[in-house]
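Notes follow the structure.
The values are calculated or read from the model by the stated rules, or taken from the named source; none is laboratory data. Owing to the predicted nature of the structure, the values given are computational and were not obtained by experimental measurement. Cβ atoms come from the backbone with ideal geometry, glycine included; neighbour counts cover every protein chain shown. Ligands, DNA and RNA are excluded from the accessible area calculation, which covers all protein heavy atoms including side chains. Shrake-Rupley method; radii C 1.70, N 1.55, O 1.52, S 1.80 Å.
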Amino acid sequence: MNLISLWPQTAALMDSHPLALFGLSTLIQSIAPTCNILIKETSLSKISEALMYQSVDILITDLQSVEESLQEGVDTLLHLGSQFPNLNMVVYTFCHDSKELWKLFNQQNISLIARGESMADTENYFKKAFAQRRVLSPKIYTALSHINDKNDRMISSLTRSEMDVLKHLLNGMDLQHIAKMKALSIKTVSAHKCNAMRKLGVETDAELFVLLNDVFHQK
């Protein structure tokens with residue numbers, strides 16, 4: 001079957017630099033000549049607003065713009081992913097921030113393509129993305145491997161008692177139940193939790209559970 005027949009017919013593009021936006025538009029037209037680019041914007045906030053009134057099959061975007069930070073861009077994409085679960089999204093970026101990329105890695109409708117790959121490879125990655133196949137380019141994998149190594153080092157710094165408490169917390173137990181099961185005082189169990197959070201570099205329970213989900217999902 002000809003993959004062109006499976007390619008989306010409408011697209012939205014975002015890049016904060018007009019020349020880069022023009023270049024991206026040219027690239028898309030060369031890869032998918034039948035694709036109709038309906039939206040071109042210079043920030044994700046404008047893309048988000050435009051998608052409220054005009055639906056598209058695929059969104060191709062950078063992660064940040066002059067109007068929004070990297071974190072704001074990632075948050076906007078995650079919101080769009082939940083708001084439009086069938087929207088095929090392709091992030092085309094210079095970003096190598098492993099922490100922010102990891103948030104997007106867990107979203108199955110988001111492909112991640114690094115700028116700086118060879119032109120031939122880039123065209124191939126976009127063709128796969130247009131054929132609704134998820135793509136993670138090599139430079140993205142390299143960036144993500146850094147957070148895996150960092151997490152492994154942090155986890156290895158935990159004592160067995162600290163690790164046990166975290167695993168029970170992740171399984172839904174509270175401190176009181178863990179203390180009763182292990183015949184320890186709540187104060188001791190709480191100390192294990194606090195020490196583990198300090199070693200892992202997290203300050204809130206929400207940050208702790210996000211990190212633990214990432215780590216144990218990898219393993």
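I need the phi-derived Karplus couplings for region 13-22: 6.51 cos²θ - 1.76 cosθ + 1.60, θ = phi - 60°, integer Hz, Gly and Pro marked x.
Taking θ as phi minus 60°, the curve returns 10, 9, 8, 6, 9, x, 5, 5, 5, 5 Hz for region 13-22.
Spin-label point model (7 Å from Cα, Cβ direction): what's the residue 191 to residue 34 distance in nm?
6.9
Of the heavy-atom accessible surface of the chain (probe 1.4 angstrom), what whole percent is carbon and sulfur?
For the chain, the apolar C and S fraction of the accessible surface comes to 53 percent.
Counting every Cα pair in region 17-145, what percent are over 20 Å apart?
Value for region 17-145: 40 percent of Cα pairs lie more than 20 Å apart.
Mind checking the alpha-carbon convex hull of the chain and giving the volume per residue in Å³?
Dividing the Cα hull volume of the chain by its residue count gives 139 Å³.
Where the only charges are on Cβ atoms (+1 Lys, Arg; -1 Asp, Glu), what is the dipole of the chain about its Cα centre, to the nearest 20 debye?
920
Counting each pair of different Cα atoms once, what's the Kirkwood radius of region 91-192 in Å, rounded to one decimal?
This gives a value of 16.5 Å.
On a C-alpha basis, how far is the centre of region 21-59 from the centre of region 185-216 in Å? Whole number, if you could?
Their Cα centres are 42 Å away from one another.
Hey, what angle do you get for helix 160-170 against the long axis of the chain, alpha-carbon based, 0 to 90 degrees rounded to 10?
So the inclination is approximately 60 degrees.
Place a point 7 Å from the Cα of residue 119 along the Cα-to-Cβ direction; which residues of region 13-37 have their backbone N under 14 Å from it?
Under 14 Å, as judged by backbone N against the label point of residue 119, lie 23-24, 26-28, 30-31 of region 13-37.
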